[in-house]
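The values are calculated or read from the model by the stated rules, or taken from the named source; none is laboratory data. All of these numbers come straight from a predicted model, not from anything done at the bench. Here the Cβ positions follow ideal geometry from the backbone for every residue, glycine too, while neighbour counts run over all protein chains shown. Only protein heavy atoms, including side chains, enter the accessible area calculation; ligands, DNA and RNA are left aside. Shrake-Rupley method; radii C 1.70, N 1.55, O 1.52, S 1.80 Å.
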Amino acid sequence: MEAFNKYGSASSESESDSETKTHTQKKYAQPVVRQYLVNTAPEVGGYHASISSALTSYVVPGQREITTNLPYNVLTQPLEGPAGKDGDFVSKSNMQMTSGQAEVQAIDETVFRIQERMLRQHGVTHDPSISMQDPETPTRGAGTQRSGRANNRGLRRKAKGDSSVLSGDGAYQGPWAGYEGETKGQTSGPSAEQLAEYEQRVAEYTDALSDPSARPSAKGKKPKGGFYIEGQDERSMFHGQSERDYQGRTYMHAPPEYKHITEGEQTCYVPKRMLKEWKSAHNGGVSAIRFIPQSGHLLLSSGMDGLVKIFDAHSSLNLLRTYVGHSKAVRDISFAPDGNLFLSSSYDSTTKLWDTETGQCRQKFAVGGKKTPNVARFYPEDPNLFLVGQSDKKIVQWDIRANEVVQEYNQHLGAINSLTFFDSGRRFISTSDDKSMRVWEFGIPVVIKLIADPSMHSVPSVALHPSGKWIVGQSMDNRIVVYNADGRIKAHRRKEFTGHLTAGFACQPSFSPDGRFLTSGDSEGQVWCWDWQSARVVKKWKAHEKVTICTAWHPKETSRVATCSWDGTIKYWD
């Protein structure tokens, strides 16, 4: 073995020397790569350099005479090799071959391929412990997972019956009589009683999840928030039939028809009808909705019940998964740029990082104290960094890899309401209860632009135009204000959107993918749609019974809009 390794090393050295000679004209010398060989194979004979002789003979356990002069290290070698059924090393008497004892384990190639194909397709194979030589044992299809008889072999044929009898006992069956004791064609699976019991357990669990009075409490006290109790492990529940399709793809797989559509290249239109209504999506109201980036085939929602849910927004329009991990209402949610992860901020003073596909809670972030994370946003250029706007007037920058705060932005005089990145992620704008808007450069805790005026009202929510040149903010004086984000940040005095009533509510506005329309909800449950160029009201309609807190345009479809309300419903319009 060592001789073989040395042979390979010598050839490598010769090749390295030839390459060095070939590249002598290059400016820089080629680096020398040294490889260390680890030989873990036991010594089984051959040429040994230290002995300088052929080691072809070994002492068999129990041998008393030797015919060759063996070195001392060979005579004192420990016993190694195959062991028999009793655990002892095989002796010379029962050796079947030079290296020990071998058991006969052989299988025909065709039989092996049949068993392999059966394992891939059905997940079970024939039981190999059943003797293939026993004629009384059925060999085909026998095993712990299969019936002892297959293809009705060895079964007795039933009587064909009397041809004069058409129905009842002894009726004529003819060639369709079948076999006695056959199970082919019979329904398999749980019985009706077992299925009813299972459905009852599922219904009880679902009712307990949706009914706050039926939720468990710690130490006899009723929990203040959702189904999750502090100290428990975060979990998720999948509501579909199967997490993977026949090709092994999960719901994260984007529809192929969306791959050829560039966001914003299609002309968008105002929706005309309701496509889907998710009733009682969240108890106590829905706080936010977000489409998954790039494809938009999934819709994420957060509610006052402390739950985060994800829906299919493309084909089935069903609830796919529920994420349980907050003991109080969820304030905000935000997807990572690729959509594989998302952040949830809650009134329980924690921000949690979730895996969108598996439902696993990756990390938990909490500064400490009674500091509510009002908003969280991923840094577009690096998903390992994100910002959290807190109720203690600070914006903290977290590093997921180190699980610690790496930067603080603390020049606001009130609670942080919104964070919006623009200028290709180089800068971001923050709004606060102090009725001001501040522009920051990411990573530098110094305000580069302060927007404040005695006539300004608080701006709790902000949206960026698809072109990246404009920023709109929902002002508390029942209007949407516009700011120029291209170059200097200044207010656009001539353009504003009015008509709706939003005083006291942080209604989240949204742009169509092509930037032609701007939508927003109001306190009366209506959805308002304005033309971006003329600021005229294109359409308004009654969508919910309570305040419409958030609207979101589909990034790929031309006229699909999702709305949510404090009445606990989410509606999908087209």
| task | Pull out the extension gain between GLN363 and SER467, defined as 0.36 nm times the separation in residues minus the alpha carbon to alpha carbon distance; nm, one decimal. | result | 34.1 nm
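Just order 459-465, 489-495 by mean Cβ neighbour count inside 10 Å, highest at the front, would you?
459-465, 489-495
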| How much of the accessible area of segment 265-411, in percent, comes from carbon and sulfur atoms when a 1.4 Å probe is used? | 42
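Among rounded, prolate and oblate, which fits segment 432-531 when a ≥ b ≥ c are the square roots of the eigenvalues of its C-alpha gyration tensor, a/c under 1.5 means rounded, and a/b larger than b/c means prolate?
Values: a/c = 1.93, a/b = 1.34, b/c = 1.44.
Oblate.
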| task | Quick one: give the max-minus-min coordinate of the C-alpha atoms of segment 240-344 along each principal axis, largest first, in Å. | result | 41, 37, 26
| How much net charge surrounds GLU441 when only other residues with a Cβ under 12 Å from its Cβ are counted (Lys, Arg +1; Asp, Glu -1)? | +3
| field | Positive minus negative residues near ASN478 (Lys, Arg vs Asp, Glu; Cβ under 11 Å) | value | -2
| message | Could you work out how much longer the chain between ASN403 and GLN294 gets when fully extended? Use 0.36 nm per residue separation minus the Cα distance between them, nm to one decimal. | response | 36.5 nm
| task | For segment 333-469, just the Cα set please: Rg and Dmax, both in angstrom. | result | 14.5, 49
| said: Could you tell me how far the Cα centroid of segment 241-260 sits from the Cα centroid of segment 262-303, in Å? | reply: 19
| message | Please give me the summed charge of the neighbours of LEU320: other residues whose Cβ is under 14 Å from its Cβ, Lys and Arg +1, Asp and Glu -1. | response | 0
| said: Using the Cα centre of segment 340-379 as the reference point, and only Cβ charges (+1 on K/R, -1 on D/E), how large is the resulting charge dipole? Debye, rounded to the nearest 20. | reply: 220
| message | So if I place +1 on the C-beta of Lys and Arg and -1 on the C-beta of Asp and Glu, and nothing else carries charge, what would the dipole magnitude of segment 357-460 be about its Cα centre? I want it in debye, nearest 20. | response | 200
| message | Tell me the per residue accessible area of segment 450-508 using a 1.4 Å probe; a whole number in Å² is fine. | response | 48
| Based on the alpha-carbon gyration tensor of segment 322-401 and its eigenvalue square roots a ≥ b ≥ c, which shape applies: rounded if a/c is under 1.5, prolate if not and a/b is larger than b/c, or oblate? | oblate
| query | What ranking of ASP355, ASP108 comes out by heavy-atom accessible area, probe 1.4 Å, highest first? | reply | ASP108, ASP355
| field | Under-5 Å amide H pairs with LEU341, H placed in peptide plane, nonlocal only | value | ALA336, THR356
| query | Roughly speaking, what is the stretch gain from THR558 to LEU79, that is 0.36 nm per residue apart minus the C-alpha to C-alpha distance, in nm to one decimal? | reply | 164.8 nm
| query | Roughly what would the spin-label model give for ARG157 and ARG488, points 7 Å off Cα along C-beta, in nm? | reply | 10.0
| message | I need the peptides 363-369, 170-176, 317-323 ranked by packing, meaning the mean over residues of other C-beta atoms within 10 angstrom, with the highest value on top. | response | 317-323, 363-369, 170-176
| Can you give the accessible area of GLU257, probe radius 1.4 Å, in Å² rounded to 10? | 90
| query | So which of LYS449/LYS540; LYS272/LYS469; LYS279/LYS352; LYS371/LYS449 end up more than 32 Å apart by C-alpha? | reply | LYS449/LYS540
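Could you sort 375-386, 296-307 so that the peptide with the highest average Cβ count within 10 Å comes first and the rest follow in order?
296-307, 375-386
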